[in-house]
Amino acid sequence: MKQFDIIATSAMGLESIVAKEVRDLGYDCQVENGKITYKGDQSAIARSNLWLRTADRVKIKVAEFKAYSFDELFEKTKALNWEDYLSADVEFPVSGKSVKSKLYSVPDCQAIVKKAIVDRLKSKYKQVSWFAETGPLFKIEVSILKDVVTLTIDTSGAGLHKRGYRTGQGEAPLKETLAAALIMLTNWKADKPFIDPFCGSGTIPIEAALIGQNIAPGFNREFVSETWSWMDSKVWDEARIEAEDLADYDQYLDITGCDIDHRMVDIAKANSFEAGLGDLIEFKQMQVRDISTRKEYGVIVGNPPYGERLGEKKAVEQMYREMGQAFKKLDTWSVYMITSNPDFEQHYGKPATKKRKLFNGFIRADLYQYWGKRPPRQPQGE
């Protein structure tokens, strides 16, 4: 089967997690800023789309070359075998970006790449007139960084964070891909209790349940490459059967999501049902200061308010203090909080065991990690 150059794109700071996921699928990969590159066949495209929890998109790299002039961009693009991917009826919009390059006009680069592809297809399909573009969608991107042009085709369609379970959301929803990454950065396993004290529309608890039962995050949605004539539908069928076989629906989970707003709790419940998780997650209306439990060795993951708006800062900092007080009693629990507030540790009342720089959308934030006591070692048998 033909091998493709595949790119899994990643948010800044999550590249190592995406790379681990790619390797777990069985593919050797290289890590660069914002992308993970690897080789794979059609099955790799399908499996990557279905299984990558923390990647933004899966793309096919058609070519990479240097270009210092529009003529060079045109000729090198036209020389590529676009007919291997694009039939005569496909719709192929071209988007672009350019950073630190001589060809800095993105609209011009997009128009030139489009014209070069059209010219190539006209000669290959012996078509004199224009292309109707009524067929399947192929989203092409021309990306230029320091005069190196990368031409890609997006295989995902909607971004991979769109899992298909979100019936409603709050004001500033956490991306599903970042929520999954936050959980994967903890020491949580499916047999431990898990709490999100600021669950909002339920994204973190839902992603935890999907991870806990090994459910492929893309099981509930479709991908644009499923519509492509040269992508064998059998490949998609097999990938979905594999995902179904690997899911562990019998795994017991102890996951709780809490929020101060009862409307968000209702939305979280609806989203959980939409994800096919039914009553697996317990959602409660509760303030963070009231959280207490007799369970041990659990994990708390939260995306609390950051207090970035004028007038909110004092209330948020008071809430951080109350959280620190409430969680002080849970000394066997590990706590992971993402916030852009630089004084979080001071208000929480304790320095973090470890900090990791991340981005929540365009907001630079830190993941503050507080590791709980380890469970006592079980004595080994005779």
(request) Return the only residue of Ser48, Ser10, Ser87 being among the polar types (S, T, N, Q), crowded, with 22+ Cβ neighbours inside 10 Å and touching a Phe, Trp or Tyr at 6+ places or on another chain (Cβ under 9 Å). (result) Ser48
(request) Search region 53-74 for residues being in a strand (DSSP E or B) and open to solvent by 20 Å² or more (accessible area, probe 1.4 Å), and hand back the single one that is nearest to Ala181 (Cα to Cα). (result) Arg57
(request) Need at least 3 residues that are open to solvent by 30 Å² or more (accessible area, probe 1.4 Å) per element, so show me which strands (runs of 3 or more DSSP E) inside region 134-244 make the cut, counting only ones lying wholly within it. (result) 139-145
(request) Could you list, in sequence order, all residues of region 262-284 that are free of Cβ contacts under 8 Å to residues at least 60 places away in the same chain and either in contact with an Asp or Glu (Cβ under 6 Å, 6 or more places away or on another chain) or within 14 Å of Ser201 (Cβ to Cβ) (or both)? (result) His262, Arg263, Asp266, Phe273
(request) Only one of these is in a loop (DSSP other than H, G, I, E, B) and in contact with a helix residue (DSSP H, G or I) (Cβ under 6 Å, 6 or more places away or on another chain): Leu103, Leu80. Name it. (result) Leu103
(request) Considering every residue within region 322-331, establish whether at least one is without any contact (Cβ under 8 Å) to a residue 60 or more places away in the chain, in a loop (DSSP other than H, G, I, E, B) and either touching an Asp or Glu at 6+ places or on another chain (Cβ under 8 Å) or among the aliphatic types (A, V, I, L, M) (or both). (result) yes
(message) Take the residues in region 292-318 that are of a type in the set (Ser, Thr, Tyr) and over 12 Å from Thr332 (Cα atoms); name whichever of them is surrounded by the fewest Cβ atoms within 10 Å (Cβ to Cβ).
(response) Ser292
(message) I'm trying to understand the selection: among the residues of region 110-132, which are assigned to a loop (DSSP other than H, G, I, E, B) and open to solvent by less than 50 Å² (accessible area, probe 1.4 Å)?
(response) Phe131
(request) Output the residue which, of all residues in region 338-368 that are buried (at least 18 other Cβ atoms within 10 Å of the Cβ), of a type in the set (S, T, N, Q) and closer than 15 Å to Leu182 by Cβ, is modelled with the highest pLDDT. (result) Thr339
(message) Quick check on my filter: what residues within region 281-298 are within 24 Å of Gln213 (Cα to Cα) and outside any strand (DSSP E or B)?
(response) Thr293, Lys295, Glu296, Tyr297, Gly298
(request) Working carefully through the options Lys66, Lys59, find the one that is touching a residue at least 24 places away in the same chain (Cβ under 8 Å) and within 29 Å of the chain's Cα centre (by Cα). (result) Lys59
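The values are calculated or read from the model by the stated rules, or taken from the named source; none is laboratory data. Here the structure is a predicted model, which means the values were calculated and not measured. Neighbour counts run over all protein chains shown; Cβ positions are idealised from the backbone, glycine included. Heavy atoms of the whole protein, side chains included, go into the accessibility calculation; ligands, DNA and RNA do not. Shrake-Rupley method; radii C 1.70, N 1.55, O 1.52, S 1.80 Å.
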